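Reviewing the structure listed below.
The values are calculated or read from the model by the stated rules, or taken from the named source; none is laboratory data. Keep in mind that what you see is a predicted model, and the values were worked out from it rather than measured. Here Cβ is always computed from backbone atoms with ideal geometry, including for glycine, and neighbour counts include all displayed protein chains.
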């Protein structure tokens, strides 16, 4: 189990940081792509890996483009990772690493449905099973969804009926764009270890996990932003204190209450949600930014989705694959200033 966990951490951490991508190739000779990315918002391509360099081009949000390696910036910013794109560089904060993976179709849906993950940059969901129906949400790479039904369109293509846990309605997405998740992928990690603890630092934006006092995960995260100062102490969006996991769900549609608010958000399919506070504060995967190392959220602790899955599997309570929600107290989680 120890080797399995170490390998999972190694590869998940490399994927999250972009370290799997080799350094930029020499200028001479043809360059081969080393990865694929989606612009999570409009972003500029810069001549060098620095915000101080010249802007060469602009990529609209949801543009999908090839990467040709990565570089580290000398800018004074928490996130120094840049990716080479074309003849320039894009900052990693506005980039999601993605893939084009088409999947075999699951035509039989068990009672209660099955959990699936989007494996293309994004798929356009619709209100009915076919391209002629009105468009609904875009479901982005690494988001997770409950599939409760299947149907064929007039061309014989299979669409999955996805039930919205927040909207309580169905949307439909191309079946080949979603991969059915297996029980092995959500199996508990280190289940025999009872002394587990997570420590989060708001000042350092670090996320650390311990087994029997030994460090097993050390990474950066994005917590809630600082809200105000009271009696000389900053109040953060993420509650400070000693908590414990209180519930989990593998997928959640998260949205703000006030649609007219400037900071309104509407995020279907947030993956691997581990709640630790009655406010609804949780550790979860992130597909709308890659700007880890500085506060970004309304209160939740954002991690790259592969690491959020690790936390989901490593912490207690355990969630069987066929359960959409488990409510039970578990692993300790401490949030410090």
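Some values worked out for this structure:
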quantity: Test result for residue 178, at negative phi and either at pLDDT 95 or above or buried (at least 20 other Cβ atoms within 10 Å of the Cβ) (or both); calculated: yes
quantity: Close pairs from the stretch 50-72: first touching a residue at least 60 places away in the same chain (Cβ under 8 Å), partner part of a strand (DSSP E or B), Cβ under 9 Å, at least 6 apart; calculated: 62/38; 62/39; 62/122; 62/138; 62/140
quantity: Qualifying position, being over 23 Å from the mean Cα position of the chain (by Cα) and farther than 30 Å from residue 31 by Cα, among 132, 113; calculated: 132
quantity: Residues satisfying the stated conditions in the stretch 123-143, i.e. over 11 Å from residue 174 (Cβ atoms) and outside any loop (DSSP other than H, G, I, E, B); calculated: 135, 136, 137, 138, 140
quantity: Meets criteria (touching a strand residue (DSSP E or B) at 6+ places or on another chain (Cβ under 7 Å) and closer than 18 Å to residue 116 by Cβ) for residue 133; calculated: no
quantity: Unmet criterion (only one of (1) without any contact (Cβ under 8 Å) to a residue 40 or more places away in the chain; (2) surrounded by 13 or more Cβ atoms within 10 Å (Cβ to Cβ); (3) over 18 Å from residue 334 (Cβ atoms)) for residue 228; calculated: (2)
quantity: Criterion: surrounded by fewer than 16 Cβ atoms within 10 Å (Cβ to Cβ), over 23 Å from residue 137 (Cα atoms) and out of contact with any strand residue (DSSP E or B) (no Cβ under 7 Å at 6 or more places or on another chain) - qualifying residue of 323, 329; calculated: 323
quantity: Some residue of the stretch 150-167 being under 23 Å from residue 303 (Cα atoms), in a strand (DSSP E or B) and either out of contact with any strand residue (DSSP E or B) (no Cβ under 6 Å at 6 or more places or on another chain) or in contact (Cβ under 8 Å) with a residue 60 or more places away in the chain (or both); calculated: no
